[in-house]
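Novice: Handing you this structure, nothing more for now.
The values are calculated or read from the model by the stated rules, or taken from the named source; none is laboratory data. Please read all numbers here as calculations on a predicted model, not as lab measurements. FYI the Cβ positions are ideal-geometry reconstructions off the backbone, even for glycines, and counts take in every protein chain you see.
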C-alpha cells in the first residue's frame, strides 16, 4: 500500500537539475562523505591486482597491496601524471608510468630514480593521497572524505542483509558501467518508481503492467525508501523460481522483490535468485555515471545438473538486466532536455511517492527547509 492517498507536488525545480552551484553543493554535502561501491573483491583477489576509475572528478586507483584493499588518488606527487592509464592490471609495486617514482602501501615515497636531484626532499608532503576502503560481502566501497560515517553506519540496519546477499552462495555474474547526458537525480528517480514499467519496458517488464497497490508496500524513512513487492505465491514464474532455488540448494524462498534506496545515490535490489547493487554519481550539473553489479544464486549444490541450472539462471539475469538498463537510459536525455525548457511545476503521483521522499531529503540536506 502507498503511504500517501493524494498526488504530491514537486519539491525540486529545474535549477536543481541544471545549476552548477547546486551541483557543487550536492557534491560537498551529500557525496564526499558517502560510501560508493566501486568493485567486487574477487576481481582484485591477487596481490598487486589494481583497477582505476573516477569518483566525483577524482581519478582513483584501487589496489590489493600487502593483502589489503587500499585506494589512492591515481596522481603522482612529482609532476602530476596519472600513475597509470590502465583500467586494470597487476603490478607488484605502485610505480608512476612517467618517471618511475615508487610508493609504499601507506602512500609514502619509497624510491626516486636519481634521488639526489631532489635534495632537500620533503618526503611527507610527497605522500600519495589515500581514501577509506571498506567491504560489505564482496562489494568494495570507497569514501572520498577523510571523515564520515563507517560503512556499517551508512548502510544502517541493511548492512547485514547486503553482506549476505552479495557473497556466497551468490556469485557476481554481471558488471555494468555507463555515462548519461542527464543530472544524476534523473536515473535515481527512475529506479524508485514503477509507474513507467508498461511504457519503457514493454517486453522485459511490461508483463507486470501497473503493479497493483495491494501487492506492494512503500516504506519512507529519513535516509532511505523501500519497495517490497509480493510476486504472488501461486504465479507460474514464482513457482518456477522456487523450483530453481531448490535445485541449487538456495534455502528458504521469500517470493518477494525488494528495492531499497539509501540516500543519496545507492540502490540495492533483492530477490530469491538475483541481487543487484547500483550507484549513481554526478559528473557535472547535466551529466552522470553509474556502476552496477548483479549477483545470481550459485547455490550450494555442485552436481552437474545444478551447475548447468546456475549458469542458465545467470545468463537469463544478465540478458534481462542489460536490456532493462538500456530501456531506462533511453529516456534520460529527453527528460534532461525537457527540464531545461519546462513551463510546468510538475506533480508526483502516489505510485511515485518515493521520489517525493527523496526530494525532501535533498532539500533538507542541502540547506533548504523541506516541504510539508
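Novice: Of all residues in the stretch 178-207, which are closer than 17 Å to residue 232 by Cβ and either under 17 Å from the mean Cα position of the chain (by Cα) or in contact (Cβ under 8 Å) with a residue 12 or more places away in the chain (or both)? Steps first, please.
Specialist: Pass one, the stretch 178-207, residues closer than 17 Å to residue 232 by Cβ: 194, 197, 205-207.
Of everything in the stretch 178-207, those that are closer than 17 Å to residue 232 by Cβ and either under 17 Å from the mean Cα position of the chain (by Cα) or in contact (Cβ under 8 Å) with a residue 12 or more places away in the chain (or both) turn out to be 194, 197, 205.
Novice: Just the residues that are exposed (fewer than 15 other Cβ atoms within 10 Å of the Cβ) and more than 28 Å from residue 26 (Cβ to Cβ), please, taken from the stretch 165-180.
Specialist: 168
Novice: OK, next. If you go through the stretch 1-40, how many residues are farther than 27 Å from residue 351 by Cβ and out of contact with any helix residue (DSSP H, G or I) (no Cβ under 7 Å at 6 or more places or on another chain)?
Specialist: 16
Novice: Quick check on residue 147: is it in a helix (DSSP H, G or I) and within 30 Å of residue 224 (Cα to Cα)?
Specialist: So residue 147 does not fit the description; no.
Novice: Counting only residues that are buried (at least 18 other Cβ atoms within 10 Å of the Cβ) and touching a residue at least 12 places away in the same chain (Cβ under 8 Å), give me the strands (runs of 3 or more DSSP E) lying completely in the stretch 10-117 with at least 3 of them.
Specialist: Answer list for the stretch 10-117: 35-40, 49-55, 58-65, 68-73.
Novice: Is at least one residue of the stretch 152-161 at pLDDT below 95 and farther than 30 Å from residue 311 by Cβ?
Specialist: No: zero hits.
Novice: Taking residue 282 and the conditions (1) closer than 15 Å to residue 182 by Cβ; (2) out of contact with any strand residue (DSSP E or B) (no Cβ under 8 Å at 6 or more places or on another chain); (3) crowded, with 19+ Cβ neighbours inside 10 Å, which numbered condition does it fall short on, given that it satisfies the others?
Specialist: Condition (2) is where residue 282 drops out.
Residue-wise test of (1) assigned by TED's automatic domain parsing to the domain that holds residue 16; (2) under 23 Å from residue 25 (Cβ atoms); (3) outside any helix (DSSP H, G or I).
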{"position": "310", "(1), (2), (3)": "yes, no, no"}
{"position": "315", "(1), (2), (3)": "yes, no, no"}
{"position": "335", "(1), (2), (3)": "yes, yes, no"}
{"position": "343", "(1), (2), (3)": "yes, no, yes"}
{"position": "351", "(1), (2), (3)": "yes, no, no"}
{"position": "358", "(1), (2), (3)": "yes, yes, no"}
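Novice: State which residue pairs qualify: first residue surrounded by fewer than 12 Cβ atoms within 10 Å (Cβ to Cβ) and inside the stretch 143-163, second residue not in a helix (DSSP H, G or I) in any location, beta carbons under 8 Å apart, and separation of 6 or more residues or different chains.
Specialist: Between residues of the stretch 143-163 that are surrounded by fewer than 12 Cβ atoms within 10 Å (Cβ to Cβ) and residues that are not in a helix (DSSP H, G or I), the close pairs are 146/132; 147/33.
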